[in-house]
Amino acid sequence: MLGMRPDCESCSKDLLAEQAGALVSSFECRFYDSCDKDKLHGICPNCGGALSPRPTRSQSLLAKYPDSTERKYIC
Ligand SMILES: [Zn+2]
Ligand SMILES: [Zn+2]
């Protein structure tokens, strides 16, 4: 199961698990696609891996498997 972190690691804006328009790397770093377009260009700045569209998690599954609250903002 992917760790669904609560914020974009590039700009720290909230990024909810059920929200579309997010990207994730294989190390579960996650970003807004707008940040990808502006500066990341498909490569994760943390681990150097490729970014892929992140699948969303439905509300019913979120109730069972809550979103992570661990923030990873590093900039
Ligand atoms: Zn961002
Ligand atoms: Zn990464």
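Throughout, read-outs are computed from the coordinates displayed, never taken from laboratory work. Predicted, not measured: the structure shown is a model, and the values here were computed from it. Quick reminder, even Gly has a Cβ in these numbers, built from the backbone with ideal geometry, and neighbours come from all protein chains shown.
Starting from the 7 Å offset along Cα-to-Cβ, what nm value, one decimal, do you get for the label separation of LEU2 and THR69?
In this crude spin-label approximation the distance works out to 2.2 nm.
How much length is gained on full extension from ASP14 to LEU62, taking 0.36 nm per residue of separation minus their Cα-Cα distance?
Roughly 15.7 nm would be gained on extension.
Which net charge results for the neighbourhood of PRO55, defined as the other residues with beta-carbon distances under 15 angstrom from its beta-carbon, given Lys and Arg at +1 and Asp and Glu at -1?
For residues surrounding PRO55, the net value is 0.
Counting Lys and Arg as +1 and Asp and Glu as -1, what is the net charge of the other residues whose Cβ lies under 10 Å from the Cβ of ALA20?
So the surrounding residues net to -1.
Could you state, as a whole-number percent, how many of the C-alpha pairs of the chain are farther apart than 15 Å?
Within the chain, distances greater than 15 Å cover 48 percent of Cα pairs.
Chymotrypsin sites (Phe, Trp or Tyr not before Pro), restricted to segment 8-75: which are DSSP loop and have at most 13 other Cβ atoms within 10 Å?
Answer in residue order: PHE27, TYR73.
Could you tally the net charge around TYR32, taking each other residue with its Cβ under 13 Å from the Cβ of TYR32, Lys/Arg +1 and Asp/Glu -1?
0
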